[in-house]
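Read the structure below first, then the notes.
The values are calculated or read from the model by the stated rules, or taken from the named source; none is laboratory data. For clarity, every value in this text was computed on a predicted model and none was experimentally measured. As a convention, Cβ positions derive from the backbone with ideal geometry for all residues, glycine included, and neighbour counts pool all protein chains shown. Heavy atoms of the whole protein, side chains included, go into the accessibility calculation; ligands, DNA and RNA do not. Shrake-Rupley method; radii C 1.70, N 1.55, O 1.52, S 1.80 Å.
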Amino acid sequence: GGGGGGGGGGGGGNSICCTLMFGVMLFSAAFPMLFWNEGNAVAVYNSLKEAKSEVVMLRKPIASGDTKGRLVHLMGETAGDALGDGDFGFDVPNLIRLKRTAEMFQWVEKKHEKRIKEGESTRVEITYTYDKQWREGVVDSSAFRKPDGHRNPNSGSELQSYTRSAAEVGVGDGFVLTAALISQLTRTQEIRLLPPGDSESGGGGGGGGGGYGKKRKEAIGGGYGRRGDDDEPKKEKPKTLGGRGGDGDSSSSSSAAPAAKRAKKASGGKGIVDDDDDDDLDTGSSGGAVARLGERSVAVKSLPNGYSIQSGAAYSSRSAATRPEVGDRKLKFSSLPAGQTISVLAQQVKNGRLSPYKAKSGKEVGMVKNGRVSAIDMITGAERANEFQTWMLRGVGFGMMMIGTMMITSPIGHVVNYLRYIPLLGGIAASLINLGIFLAGLTVSLMGSLLVIGVSWMFHRPLLAAALLGTCAAITVGTYLLQGKMGK
């Protein structure tokens, strides 16, 4: 169904005033945004530079007191808990997160606007259309423009959406991820429900991750990643990427010291230092694209009253999957499985917990990547992302100034358009004046952006600020001389 309505123009003076006010607000907002962007870019750059010099790469993901308080890089498998759903009577082992999404087939309203130019004013024609869709939650049909014939049930059933998380997410042997790092795990997996009695067949990854609980108990009990006497691994010094050993003493390992010194000398005494004895860990560490997880089939043991399993989801009626009616319900599940290999760059704190590293600049460095990704690749990727964001926000700031300037000067263009009614030369004169207004706005926006960036750099990058301010001055002088020549 559909409905319609309209709104009219008129009030040209009010429209011009609103345009002027919005233009001033947009132009003014660009200044603090550009200033903040430069300061943030420098702070992030310095934090990543600090991370390069401080990070210690663990050759094996085993928590140790030697690296407590240090920024560490490790690669290992994640481990979670068994999570399940009581309404359908199933449990899935080794999950980080289990999500249930409850959808209802219901009416949805869409608003359509069409602007129609009528002389010097603009009329807005508004229409409404209504469609039936599967949507999570309940759309309030009482707020529809035309609620009659498009009523949704007032409330859903007791089977609602939820997200359940593992009490603790481990990685490697004895390490635990904090919430800030867990939120970076995004490689989810769809769960395909099977009717009761069907054999359950796991699909597409997720891994077992057995034994983590035992290791974690031993870690809390003492010795972090201590195992039994029969399989006690030989304790090895963590590989250092910043020229320092795992215990903070660069001379603690006599065999590793010469190699580290040679590497440090080759790199000019700064940057990442890489030993030659564990290149096998670096091979392919940057990895390609991580394969997408396929569906995981799970057989339910019970069904809520009236529900049936069809096409991997639970429906409130047998006909809801093919011929749904308003009010029908659909429940589907997805998960974030553990048992996946990840790479972590974070600070090791109490009891092997990993949390973002607080740099001297005040920014936090804490990264999690799927697959085997080296520390240098993780930091380099963050540097590129910071550079991209900086330039993107510079462009946004310049665009805000430009649009604001054009809005502020729009009344002039409105008056100039009357010149087009003058025969022969009127149209040419109006076009030239509008071009001049555009070029003036472009110059003001460019100068304003460079000025704000230059002032910001005086606080954050004083050496580069002089060059940028000089460029701004050169543009100003060049524009003035060009206008003088055009005037003659």
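At-a-glance table
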read-out: Residues of region 296-330 that turn out to be part of a loop (DSSP other than H, G, I, E, B) and of a type outside the set (S, T, Y), as a count; value: 16
read-out: Qualifying residue in region 453-471 (condition: more than 41 Å from the chain's Cα centre (by Cα) and modelled with pLDDT of 75 or more); value: no
read-out: Residues of region 326-346 satisfying the condition of being closer than 18 Å to W107 by Cα and out of contact with any Lys or Arg (no Cβ under 9 Å at 6 or more places or on another chain); value: G327, D328, R329, K330
read-out: Selection count, region 123-158, where residues are assigned to a strand (DSSP E or B) and open to solvent by 60 Å² or more (accessible area, probe 1.4 Å); value: 7
read-out: Members of region 362-400 found to be touching a Phe, Trp or Tyr at 6+ places or on another chain (Cβ under 9 Å), open to solvent by less than 20 Å² (accessible area, probe 1.4 Å) and among the aliphatic types (A, V, I, L, M), listed by number; value: V365
read-out: All positions within region 67-88 that are surrounded by 19 or more Cβ atoms within 10 Å (Cβ to Cβ) and either free of Cβ contacts under 8 Å to residues at least 12 places away in the same chain or more than 20 Å from I182 (Cα to Cα) (or both); value: T67, D85, F88
read-out: Condition met for G65 (out of contact with any helix residue (DSSP H, G or I) (no Cβ under 8 Å at 6 or more places or on another chain) and farther than 30 Å from S374 by Cβ); value: no
read-out: Residue match in region 124-139 (condition: over 30 Å from T78 (Cβ atoms), of a type in the set (K, R) and touching a Ser or Thr at 6+ places or on another chain (Cβ under 6 Å)); value: no
read-out: Any chance E103 is within 30 Å of A321 (Cα to Cα), of a type in the set (D, E) and either open to solvent by 10 Å² or more (accessible area, probe 1.4 Å) or touching a helix residue (DSSP H, G or I) at 6+ places or on another chain (Cβ under 8 Å) (or both); value: yes
read-out: Which listed residue, of K110, K117, is under 26 Å from A320 (Cβ atoms), without any contact (Cβ under 8 Å) to a residue 40 or more places away in the chain and open to solvent by 20 Å² or more (accessible area, probe 1.4 Å); value: K110
read-out: Hey, G80 at pLDDT 95 or above and under 27 Å from M378 (Cβ atoms) or not; value: yes
read-out: Number of positions in region 401-420 that are surrounded by 15 or more Cβ atoms within 10 Å (Cβ to Cβ) and either small (G, A, S) or in contact with a Phe, Trp or Tyr (Cβ under 7 Å, 6 or more places away or on another chain) (or both); value: 6
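For (1) at pLDDT below 95; (2) of a type in the set (V, I, T); (3) outside any loop (DSSP other than H, G, I, E, B), each residue gets a yes or a no:
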site	(1), (2), (3)
K332	no, no, yes
I342	no, yes, yes
L345	no, no, yes
L354	no, no, yes
K360	yes, no, no
V368	no, yes, yes
D377	no, no, yes
G413	yes, no, yes
